[in-house]
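Notes follow once the structure below has been shown.
The values are calculated or read from the model by the stated rules, or taken from the named source; none is laboratory data. All figures in this text were calculated on a predicted structure; none of them were measured in a lab. FYI the Cβ positions are ideal-geometry reconstructions off the backbone, even for glycines, and counts take in every protein chain you see.
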Amino acid sequence: MFTLVVMAAGLGSRFGGTKQLARVGPNGEAFLDFAIADARAAGANRVVLIVRSDIEADVRQHFAARGGLPSDLDVAYVRQDEHGPFRPKPWGTAHAVLSAAEAVSGPFMVCNADDYYGPTAYAALARAIHRMADDEAWLCGYRLDHTLPGEGTVTRGVCQVDDDRLTGIVEQEGISRADHTFPEDTLVSMNLWAFSPAFLDALEVGFTRFLDQQGDNPTSEYLLPHAVAAEMTKDALTVKVATTEETWIGVTNPDDLEVARAALKSR
């Protein structure tokens, strides 16, 4: 058993609304509905939903309108904006996970609320999570060609892997399906992770340091990949990579919705 931590507090500025609740599935599902169902099938018994205070009621209403969440799941809501100094823009994905610390017990997975990862991705991490040491974490690695849109460019975290061990992630901007220099099976991170509860202590220390260095910047973010990389640099964390053949589906702009709906309908 494990906890699924769903990061659903983003502003969705480019999307122009609460894309966490956008209806993308054939039966009106949002991405987070698929995340919860797939993680539950993989063995999750608890879900922690990280939200903002101003959208919590909408998220609760979304589940209520769909008949509620399964009764065998323990569900908790965490308001990210109530943790740490207040500002309109959330402090980033690493801070989001840190804000859920009191609601997490035991090993946990972390996912974005506005991405579709696929059931076998959660299953791959679930197989690893129960043999994970306190100083280990797991990342789900996707084939680059399974994450690229039909048109336009994206930024991807290109993974550097030695055997099954992650040695680094390099952010590459301007990657498109028609124009890139990477092999199609290059592994990239889409922010689907598994951690032990010991990692939360590292996040707390890291966020304090982040505030000292960048707390006055209204747009700075304490990001999960950066927090992981900092622990790897100190040799305090070993990250292993579980690969998947799933095709990632997500939305950034409103025009992406119909593409995502078509992709999910075909699955």
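Out of the residues in region 20-36 that are among the aliphatic types (A, V, I, L, M) and more than 15 Å from LEU192 (Cβ to Cβ), state the one that is surrounded by the most Cβ atoms within 10 Å (Cβ to Cβ). First the steps, then the outcome.
So the first thing to find is which residues in region 20-36 are among the aliphatic types (A, V, I, L, M), and the list is 21-22, 24, 30, 32, 35-36.
Next cut, more than 15 Å from LEU192 (Cβ to Cβ) only: 21-22, 24, 30.
Numbers: LEU21: 21, ALA22: 20, VAL24: 27, ALA30: 23.
In this case the residue turns out to be VAL24.
Exactly one of (1) surrounded by 15 or more Cβ atoms within 10 Å (Cβ to Cβ); (2) farther than 22 Å from ALA124 by Cβ; (3) in contact (Cβ under 8 Å) with a residue 24 or more places away in the chain is unmet by GLU56. Its number?
Of (1) surrounded by 15 or more Cβ atoms within 10 Å (Cβ to Cβ); (2) farther than 22 Å from ALA124 by Cβ; (3) in contact (Cβ under 8 Å) with a residue 24 or more places away in the chain, only one is false for GLU56: (3).
So PRO218 fits all but one of (1) assigned to a helix (DSSP H, G or I); (2) more than 20 Å from the chain's Cα centre (by Cα); what number is the exception?
(1)
Under 8 Å between Cβ atoms, at least 6 apart or on separate chains: pull out the pairs that start in region 250-267 with a residue that is under 21 Å from SER189 (Cα atoms) and among the charged types (D, E, K, R) and end on any residue that is in a loop (DSSP other than H, G, I, E, B) and at pLDDT below 90.
ASP256/PRO149
Just to be sure before I move on: is VAL59 within 28 Å of GLU258 (Cβ to Cβ), in a loop (DSSP other than H, G, I, E, B) and not hydroxyl-bearing (Ser, Thr, Tyr) in the structure I sent?
Numbers: within 28 Å of GLU258 (Cβ to Cβ): yes; in a loop (DSSP other than H, G, I, E, B): no; not hydroxyl-bearing (Ser, Thr, Tyr): yes.
No: the conditions fail for VAL59.
Could you please find all residues in region 102-112 being in a loop (DSSP other than H, G, I, E, B) and within 19 Å of HIS83 (Cα to Cα)?
Quick first cut of region 102-112, residues in a loop (DSSP other than H, G, I, E, B) only: 104-107.
Answer for region 102-112, where residues must be in a loop (DSSP other than H, G, I, E, B) and within 19 Å of HIS83 (Cα to Cα): VAL104, SER105.
Out of the residues in region 233-262 that are of a type in the set (Gly, Ala, Ser) and surrounded by fewer than 17 Cβ atoms within 10 Å (Cβ to Cβ), which is modelled with the highest pLDDT? Step through it out loud before you land on a result.
The initial filter retains those residues of region 233-262 that are of a type in the set (Gly, Ala, Ser), namely 236, 242, 250, 260, 262.
If we keep only those that are surrounded by fewer than 17 Cβ atoms within 10 Å (Cβ to Cβ) as well, we get 236, 262.
On the way: ALA236: 97, ALA262: 93.
Within region 233-262, the match that is modelled with the highest pLDDT is ALA236.
Any idea which residue in region 113-135 is surrounded by the fewest Cβ atoms within 10 Å (Cβ to Cβ), counting only those that are of a type in the set (A, V, I, L, M, F, W, C) and in a helix (DSSP H, G or I)?
Filtering region 113-135 for residues that are of a type in the set (A, V, I, L, M, F, W, C) and in a helix (DSSP H, G or I), the one surrounded by the fewest Cβ atoms within 10 Å (Cβ to Cβ) comes out as ALA123.
Determine if region 164-179 includes at least one residue that is in a helix (DSSP H, G or I), without any contact (Cβ under 8 Å) to a residue 60 or more places away in the chain, of a type in the set (S, T, N, Q) and more than 19 Å from MET109 (Cα to Cα).
There is no residue in region 164-179 that is in a helix (DSSP H, G or I), without any contact (Cβ under 8 Å) to a residue 60 or more places away in the chain, of a type in the set (S, T, N, Q) and more than 19 Å from MET109 (Cα to Cα).
Given the condition more than 25 Å from VAL59 (Cβ to Cβ) and in contact with a helix residue (DSSP H, G or I) (Cβ under 6 Å, 6 or more places away or on another chain), answer yes or no: does some residue in region 98-121 qualify?
First pass over region 98-121, keeping only residues more than 25 Å from VAL59 (Cβ to Cβ): 120.
Now drop any that are not in contact with a helix residue (DSSP H, G or I) (Cβ under 6 Å, 6 or more places away or on another chain), which leaves none.
There is no residue in region 98-121 that is more than 25 Å from VAL59 (Cβ to Cβ) and in contact with a helix residue (DSSP H, G or I) (Cβ under 6 Å, 6 or more places away or on another chain).
Do the conditions hold for PHE182, that is, is it under 24 Å from HIS130 (Cα atoms), outside any strand (DSSP E or B) and out of contact with any Pro (no Cβ under 6 Å at 6 or more places or on another chain)? Walk me through how you get there before you give the answer.
Values: under 24 Å from HIS130 (Cα atoms): no; outside any strand (DSSP E or B): yes; out of contact with any Pro (no Cβ under 6 Å at 6 or more places or on another chain): yes.
It is false that PHE182 is under 24 Å from HIS130 (Cα atoms), outside any strand (DSSP E or B) and out of contact with any Pro (no Cβ under 6 Å at 6 or more places or on another chain).
What residue, among those in region 86-105 that are at pLDDT below 95 and surrounded by fewer than 16 Cβ atoms within 10 Å (Cβ to Cβ), is nearest to ALA37 (Cα to Cα)?
Filtering region 86-105 for residues that are at pLDDT below 95 and surrounded by fewer than 16 Cβ atoms within 10 Å (Cβ to Cβ), the one nearest to ALA37 (Cα to Cα) comes out as SER105.
Among the listed residues THR244, THR219, THR208, THR238, which satisfies the condition of being within 20 Å of LEU32 (Cα to Cα) and of a type outside the set (D, E, K, R)?
THR244
For residues that are among the aliphatic types (A, V, I, L, M) and either under 18 Å from TYR122 (Cα atoms) or crowded, with 23+ Cβ neighbours inside 10 Å (or both), tally how many sit in region 192-202. Step through it out loud before you land on a result.
Just the residues of region 192-202 that are among the aliphatic types (A, V, I, L, M), to begin with: 192, 194, 198, 200, 202.
Adding the requirement that they be either under 18 Å from TYR122 (Cα atoms) or crowded, with 23+ Cβ neighbours inside 10 Å (or both) leaves 192, 194.
Here the count works out to 2.
For (1) surrounded by 12 or more Cβ atoms within 10 Å (Cβ to Cβ); (2) of a type in the set (Phe, Trp, Tyr); (3) at pLDDT 95 or above; (4) within 16 Å of the chain's Cα centre (by Cα), each residue gets a yes or a no:
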| residue | (1), (2), (3), (4) |
| --- | --- |
| ALA137 | yes, no, yes, yes |
| TYR142 | yes, yes, yes, yes |
| THR155 | no, no, no, yes |
| GLN172 | yes, no, no, no |
| ILE175 | yes, no, no, no |
| HIS180 | yes, no, no, no |
| VAL205 | yes, no, yes, no |
